[in-house]
1. For the range 156-259, which whole-number percentage of the solvent-accessible area (1.4 Å probe, protein heavy atoms only) is attributable to carbon and sulfur atoms?
2. Could you tell me what a quarter of the Cα convex hull surface of the range 77-208 works out to, in nm² with one decimal place?
3. Just to confirm, what accessible area per residue do you get for the range 109-227 at 1.4 Å probe, in whole Å²?
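The values are calculated or read from the model by the stated rules, or taken from the named source; none is laboratory data. Keep in mind that what you see is a predicted model, and the values were worked out from it rather than measured. Protein only, heavy atoms only, side chains kept; ligands, DNA and RNA dropped before computing areas. Shrake-Rupley method; radii C 1.70, N 1.55, O 1.52, S 1.80 Å.
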Amino acid sequence: MSSRSASHEAPDAASEAVADAGAGDAAAGAPSAALLFTPARQANAFEETVQRLLQSIRLGLIGPGDRLPPERELAGMLEVSRDTLREAIASLADAGWLVARRGRTGGTFVSDVLPTPRPVIAGEATEDERARHAARIEDTLALRAVIEVGTARRAAESELSAAERERLWQAYEACTDASADQYRTADSRLHLLIAELLGVPSVIPLVADVRMRVNELLDGIPLLAPNISHANDQHRAIVAAILRGNPDEAAAAMAEHIGGTEALLRGFYA
């Protein structure tokens, strides 16, 4: 995962960097994009950078056709490396939210026509329907954190047989080897296997239910290659902590992993 930028921009420079973004709205008293161009946490820097950019666009702080601040200033405001910022911008460009333009007046711009709302909230949804959908997302994310962080901790406390340890490692490797269209299935199997290793049958349907709910949300957003690579690094950390029998590390690694998914879902659906 790319590390945070070592340098920090001065507050005045950061403010100037967003002066051109949504300038017309700013004149009318609209909030500045600088409100959301705040530091991303290092553990999930890519996912939170995507989230910050999407929120700024979807909340209208930077409108269609507006230019993002220059790369150097934007990376400084978000406190991420320029490589991380480029990965986030490239992913959102592939998804249709941003576009790069060359030349003296070039840069990265918000697409003139933004992607249509995802199926779960598309169409003529009422305010109440959207509020219920947002509440369901938060409920799903909170439930997942409670169940899966606890499951990882208990799995690390369990006495695993040699066969169980091998199954766990093979499930991790299946994620790293999976193609894009197979990845979500491999990911779900790994998480379900962690629950199975507890030897507590009632936990498995709880994990299965929350995975179904999370996957339904994930199916509505683009599959971002940098996120998959990062998720696999986190899978390795989770599995390694379980195999070492370290409950605190396993729980912390699972919490970090879940936090990345939460950042993306809130970015695309908020």
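1. Carbon and sulfur together cover 52 percent of it.
2. 12.9
3. Per residue, the range 109-227 has 55 Å² of solvent-accessible surface.
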